[in-house]
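Worksheet for the structure shown next.
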Amino acid sequence: MYHLGYYEDYLRLRQQYPNFHFDYPRDWSLKEYGTLWIFDTIKSNRAKKVLEVGCGYDTFFAKEMKSIGVDYWYIDKSNNYLGIGKDDKRFYNAVEERKKYGATFIDGLLGSHHSNLPDEYFDLVFSISVIEHISDEVIPTVVNEIKRILLPGGCSAHSIDIYPRSTKAKS
């Protein structure tokens, strides 16, 4: 299923979760909408085991998943910043921060059949502003790995930043 998010959707989520504040450079952004939408999707699906793909420096989900009793895992490659630029110190500070909340870190890229990602384990696999950075050639291996690690009937939810005139939107 594909869902195009509108400003009204964002406003509804901001009203639903008024206590969440994000340090983005503007009052609202696609990443903030994506974060709220994913959080709401996790709660709506009553997911108990989730994997975030390509979280970069963001620690929001580690903290919030612990507070609602969700087993939070995340996968990212520590020396391969395809979307955010390389900053090892900042990356490892975020890893340490997530550890405080009991998050499980997998150092790798989804699609490489990582042995530390168990078969049929996760209720939900998600990403925010990541999929648009994966090449068209690699997407099928990422999708196959998501199928492998999701429980039967599990959910894969991805917030994708694509603008109508972008080359990625055409593909």
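The values are calculated or read from the model by the stated rules, or taken from the named source; none is laboratory data. Small disclaimer: the values here were computed from a predicted structure and weren't measured. Here Cβ is always computed from backbone atoms with ideal geometry, including for glycine, and neighbour counts include all displayed protein chains.
Assorted remarks:
- Residue under evaluation Pro164, criteria (1) farther than 19 Å from Asn45 by Cβ; (2) at pLDDT 95 or above, criterion not met: (2)
- Selection count, region 137-161, where residues are exposed (fewer than 13 other Cβ atoms within 10 Å of the Cβ) and either part of a loop (DSSP other than H, G, I, E, B) or touching a residue at least 60 places away in the same chain (Cβ under 8 Å) (or both): 1
- So Val125, is it outside any loop (DSSP other than H, G, I, E, B) and either free of Cβ contacts under 8 Å to residues at least 40 places away in the same chain or not hydrophobic (A, V, I, L, M, F, W, C) (or both): no
- The residues of region 101-123 that are closer than 18 Å to Thr59 by Cα and either among the basic types (Lys, Arg) or surrounded by fewer than 17 Cβ atoms within 10 Å (Cβ to Cβ) (or both), listed by number, are Tyr101, Gly102, Thr104, Asp107.
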